1. For a Förster distance of 22 Å, can you work out the FRET efficiency between the beta-carbons of Leu45 and Tyr95, rounded to the nearest 0.05?
2. Express the carbon and sulfur contribution to the solvent-accessible surface of the stretch 95-171 as a percent, rounded to the nearest whole number, probe 1.4 angstrom.
3. Going from most exposed to least, what order do Val162, Val127 have by accessible area with a 1.4 Å probe?
4. Dipole size in debye (nearest 20) for the stretch 103-203 around its Cα centre, Lys and Arg Cβ +1, Asp and Glu Cβ -1?
5. May I ask you to give the solvent-accessible area per residue for the stretch 103-203, in square angstrom, as obtained with a 1.4 angstrom probe?
6. Using 0.36 nm per residue, how much length does the chain from Ile166 to Ile113 gain when fully extended, once their Cα-Cα distance is taken away?
7. How big is the equivalent ellipsoid of the stretch 103-203 along its three axes, where each semi-axis is √(5λ) from the Cα gyration tensor, reported in whole Å from largest to smallest?
Amino acid sequence: MLTDKMMMSPWDRWFSTSCCLCCHVRTGTIILGVWYMLINAVVLLILLTALSDPEKYHLTSAELANDLDVMDDANMCIASAISLLMILICGMATYGAYKLRAAWIIPFFCYQIFDFALNALVAVSIVVYPNTIQDYLQQLPDNFPYKEEVAALSNICLVLVVLLFIGCIIGFKAYLIACVWNCYRYVSGRGGSEILLYVTTNDTTVSHCLPSTHTFNKSN
């Protein structure tokens, strides 16, 4: 028993069919896909509403207290396209987990890896350039909630708080990545087992249909 565990690969050691202590990884992936679809659907609805009435939802650079105008029509169209693409990817993952199609889960898994890498780069950039937090706070509008209280904190304390917050997010995202990966392995294993069962059943059927060698010789 101990030898078998030592010979197992790291992927096999971390493989589990349960997530969140009670759900199956297939159920967890379906719930995660539906949740992401709902979030992106709400974002897409907000963006489309803003595009339909640009004068009401348009923010000028003076209101943002910087030189950027982030709510122009071009950026909103790009954000709408990204939200629509995310709905498609999440829908593919949900369908793949429900119908046991492993290939449909891969795009969502790649998105999770990309999102995890971006959050890790943000954490690294904060460690390397800690003054960027203060620069970001200065760019916020004056009526932003708790801006003065946050800006009054020391630079080291501010960096630690932000890193702790990002670290919790990265850890949670890593756990979700593991759940989706385990679901992909489970679905792939189920597909391989069904193919093997199908081939084995057909071979057995064919072997029963063919006359045996003893019978063939006896007839001769």
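The values are calculated or read from the model by the stated rules, or taken from the named source; none is laboratory data. Just so we're clear, the structure is a prediction, and the values are computed from it rather than from any experiment. Don't worry about glycine lacking a Cβ; one is built from the backbone with ideal geometry, like all the others, and counts go over all protein chains shown. When the accessible area is computed, the model is the full protein with side chains, heavy atoms only, and any ligands, DNA or RNA have been set aside. Shrake-Rupley method; radii C 1.70, N 1.55, O 1.52, S 1.80 Å.
1. Values: r = 22 Å, r/R0 = 1.00.
Given R0 = 22 Å and the Cβ-Cβ separation, E is 0.50.
2. Values: 3710 of 5210 Å².
Here carbon and sulfur together make up 71 percent of the probe-accessible area.
3. Values: Val162 40, Val127 95 Å².
The residues order as Val127, Val162, largest area first.
4. Working: 4 positive and 7 negative charges, 55 e Å.
That gives the stretch 103-203 a dipole magnitude of about 260 debye.
5. Numbers: 6650 Å² over 101 residues.
Accessible area per residue: 66 Å².
6. Values: separation 53, 0.36 × 53 = 19.08 nm, distance 1.57 nm.
In short, 17.5 nm is gained.
7. On the way: eigenvalues 446, 27, 21 Å².
Each semi-axis is the square root of five times an eigenvalue, giving 47, 12, 10 Å.
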